[in-house]
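Nothing in this text is a laboratory measurement; each read-out follows from the coordinates by a stated rule. Just so we're clear, the structure is a prediction, and the values are computed from it rather than from any experiment. Here the Cβ positions follow ideal geometry from the backbone for every residue, glycine too, while neighbour counts run over all protein chains shown.
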Amino acid sequence: MSEKFVRPEDYSPTEAMVIYAARFLKNFDGKRGLIGTGLPLVATQLAKMLYCPNMITFLETGQADANPQELPISIMDSRLTFGSSWQMGDPEGLFPLSRNEIDFGFIGGAQIDKYGNVNSTFVGDDYNKPTKRLAGTAGAVDIGVFAKTTVTLMAHQKRRVVEMVDYLTTPGWMVKKWPEGHLVRREELGMKGGPSTFVSTLGVMKFDDETKEMYVDKVFPGISVADIKANTGFDIDVERATQSDPILLEEVRILREEIDPLNIYRMR
Amino acid sequence: MQAKTNKLVSLNEAIQTIHDGDVLFMGSFIDSRRPMAAAHEIIRQQKKRLILLAQCSLAEDILVGSGCAAAWRGCYTGMATFGLSPATLRKIESGDFFPDEIGHIDIILGAMAAMVGSPFVATRATLGSDVLNEQYSRNEYIKDLAGHPEMIPHQKFVLMEDPFFDEGVIKLQPAMPADVAIIHVQQAGEKGTARISGSLAFDHYFVHGARTVIITAEQVVPEEYLRRDPNRNQIPCTAVDMVVEVPWGAHPSQVQNFYDTDSQFIKDYVTAAKSEEMFSQWIQEWVFKVNSWDEYLGKLGAVRLQKLRSSPPFGYRPRNI
């Protein structure tokens, strides 16, 4: 691949998020991923072209080893069916997950908190009269419970990266034990897995092995740790942060010309 | 149920079997193989207090916006890349429509329990999440609303310790039967045997967990034709009560091997449905001012539809055509 770099002003924050997420997926070559709708589908396509051709894509709508030739517009798109090993329905799509056979789940969301819990259901303080209703729990809750690890993509904004999510859709490291609803470590509920990585529009965040709290691992080119602190709703640890390698011309070219030439996902 | 010789009825007749307060499952998922013609007919017949299952996406959003549905138990209120379901969001945020959140696996297990004839199944799905927050449960409200309250469990779920393998907390997920399931398929025979291509979504489960099953089909073909290769059929005639032939009956969603998504139509709807007033205009224009699905298709026009046709071998229409 050409080693020509692109300057930060020549790509959008969303493109950066998708490209760095695709690079991160290199860790999952040969592994099984359950891919959520939206930008995770885009990053997965880019990753399979550039970094992990042997990654196995599952969808919650029942495709096994999906290999779309065109970018799907939803997880029900027949673009995901053509070229799959198997096309059944949602039960067959999700039972590998509940059997703990999925190496990683890959999702978006509207809020993430310092323990990696993700909210894709509603924003506000009353579920029954939300400030803003979102897309719902869908498979995101199931990925958080059953995947061996979770990778999340989301724009990095103060109202999104928060101390505690308004609604806990995808269980992270500290989860709710019912009926009281107090926070416990996920292991206490017998849950394996847990979030490993949050790729935002500003950097890559990981979770401390001991405290399970989010810290900044990588900062994208043109972004400072101060930018990340200013756009995070809690006092985030930036002590371990290093600079990401710059984005390659080839990564941007493939994303724009081969993956989403019609800008269906409005990344630019 | 006895397999009648011929289950073919008109769309109008089929939808007349739905009652106010019914629990309704609309087949498939998001933007593929959605029973849109059936949804339009439900609005035309002005059904009320329906309780929707699984999702409030393309087919359900117009029911919610039209005041046909009062509550929903499911996991998704979006339309993939087209954004969130506009009328559903508007009605939830104004407190006029009540969501009862469960997970994706919960829907499957609820349908599965109904399918296998069990009152509940056990799962670890949704542990640790706010799906288990009792304050957010609308179970009692839904039970009060239901025309057949016995269809709705006394509780949304029960947590207990795993008595068999000592694996900690597990959840008992109650069966989630439907009064009516409407499934749009590629092909059906006159006795009800149906063939689907593409994702089956939940359809192969809900047809066995619903009291009444209505199939709408792109093509009605001789039952005998489908019985030459029964392994390729996903819905047996024994599960089906009525069959309606409705070509293009899922527009603007896609039907694999028949037509692709009409993206512009969905985008225009999403824009219109954001306000109550523009939504009403949209419904007037596309539902009430056309008297049938044929008139709807006539209004769309042959040229528009022709441009959506799928191309072999893909099952969709490649974008470079």
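Give a quick list of trypsin sites (Lys or Arg not before Pro) in the range A:24-121 that DSSP marks as loop, anything other than H, G, I, E or B, with at most 13 other Cβ atoms within 10 Å.
A:ARG99
Which lysines have a Cα lying under 30 Å from the Cα of B:LYS47, excluding residues fewer than 8 positions away in the same chain?
In chain and number order, the partners are A:LYS129, A:LYS132, B:LYS4, B:LYS7, B:LYS91, B:LYS143, B:LYS156, B:LYS191, B:LYS267, B:LYS274, B:LYS289, B:LYS299.
Less than 12 Å Cβ to Cβ from B:ALA250, Lys/Arg counted +1 and Asp/Glu -1: what total charge do the surrounding residues give?
Taking every other residue near B:ALA250 into account, the sum is -2.
Within chain B, what's the longest run with no chymotrypsin sites (Phe, Trp or Tyr not before Pro) in a DSSP loop and at most 14 other beta-carbon atoms within 10 Å? Give the range, please.
B:1-163
Calculate how many DSSP beta bridges within the range A:178-268 are antiparallel, expressed in % of all such bridges and rounded to the nearest 5.
Beta bridges within the range A:178-268, antiparallel portion: roughly 70 percent.
Need the C-alpha centroid separation for the range B:189-262 versus the range B:123-171, integer Å.
32
Just add up the charged neighbours of A:VAL175: K/R +1, D/E -1, any other residue whose Cβ is under 9 Å from the Cβ of A:VAL175.
Taking every Cβ under 9 Å from that of A:VAL175, the sum is +3.
Test of the criteria: in the range B:2-66, which trypsin sites (Lys or Arg not before Pro) are in a DSSP loop and have at most 14 other Cβ atoms within 10 angstrom of their Cβ?
B:LYS4, B:LYS48
Pull up the DSSP beta bridges for the range B:107-250 and report the antiparallel fraction as a percent, rounded to 5. Before the final figure, lay out each step's value.
Working: 11 of 24 bridges.
Taking every DSSP beta bridge within the range B:107-250, about 45 percent pair in antiparallel fashion.
If I histogram all Cα-Cα distances within the range A:8-259 using bins 5 Å wide from 0, what percent of pairs lands in each bin?
Result returned by the calculation: 1, 6, 14, 18, 20, 17, 13, 7, 3, 0, 0.
With both bridge residues required to lie in chain A, what share of the DSSP beta bridges run antiparallel, to the nearest 5%?
50
Please average, across the residues of A:78-85, the number of beta carbons from any other chain that are within 10 Å of each residue's own beta carbon, and give a whole number. Before the final figure, lay out the partial values.
On the way: counts 17, 8, 4, 9, 6, 1, 1, 0.
Rounded to a whole number, the mean comes out at 6.
How large is the Kirkwood hydrodynamic radius of the range B:60-219, counting all unique pairs of alpha carbons, in Å? Intermediate results must be reported in sequence, preceding the final value.
Working: mean 1/r = 0.0578 Å⁻¹.
Computed over the range B:60-219, the radius equals 17.3 Å.
What lysines does A:LYS192 reach when the alpha-carbon gap must be under 16 Å and sequence neighbours fewer than 8 apart in one chain are set aside?
Answer for A:LYS192, where 16 Å is the Cα cut-off: A:LYS148, A:LYS176, A:LYS177, A:LYS212, listed by chain and number.
Which of these, A:GLU258, A:GLU239, A:GLU15, has the largest mean-square fluctuation under a Gaussian network model of chain A (Cα springs below 10 Å)?
In this elastic network of chain A, the residue with the biggest mean-square fluctuation among A:GLU258, A:GLU239, A:GLU15 is A:GLU239.
How well do other chains shield peptide A:120-128, expressed as the mean number of their Cβ atoms within 10 Å of each residue Cβ?
Per-residue shielding by partner chains comes out at 5.
Anyone know which of B:GLN55, B:GLN306, B:GLN16 comes out most mobile in the 10 Å Cα GNM of chain B?
Between B:GLN55, B:GLN306, B:GLN16, it is B:GLN306 that shows the largest mean-square fluctuation.
Around A:PHE95, with a cut-off of 15 angstrom between Cβ atoms, what is the net charge of the other residues, counting Lys and Arg +1 and Asp and Glu -1?
Its environment carries a net charge of -3.
Run the reach check for A:LYS206 against aspartates and glutamates, Cα to Cα strictly under 19 Å, same-chain hits fewer than 8 apart removed. What comes back?
A:ASP103, A:ASP113, A:GLU163, A:GLU187, A:ASP217, A:ASP227, A:ASP235, A:ASP237, A:GLU239, A:ASP245
Tell me which trypsin sites (Lys or Arg not before Pro) from the range A:195-256 have a DSSP coil assignment and no more than 16 other beta carbons within 10 Å of their own.
A:ARG240
Separation of the range A:140-216 and the range A:26-64 by C-alpha centroid, Å?
21
Percent relative contact order of chain B, based on C-alpha pairs within less than 8 angstrom and at least six residues apart?
Answer for chain B is 20 percent.
For peptide B:77-84, compute the average count of partner chain beta-carbon atoms within 10 Å of each residue's beta-carbon.
6
So what are the radius of gyration and Dmax for the Cα set of the protein assembly as shown, in Å?
Looking at the protein assembly as shown, its Cα Rg and Dmax stand at 23.3, 74 Å.
Can you give me the three principal axis dimensions of the range B:156-227 from its C-alpha atoms, in Å, biggest first?
53, 23, 18
Could you work out the equivalent-ellipsoid semi-axes for chain B, taking the square root of 5 times each eigenvalue of the Cα gyration tensor, largest first, in whole Å?
Semi-axes from the Cα gyration tensor: 31, 24, 19 Å.
Mind telling me which of B:SER118, B:SER253, B:SER137 comes out most flexible in a GNM of chain B, alpha-carbon contacts under 10 Å?
Checking each option, the largest mean-square fluctuation is seen for B:SER118.
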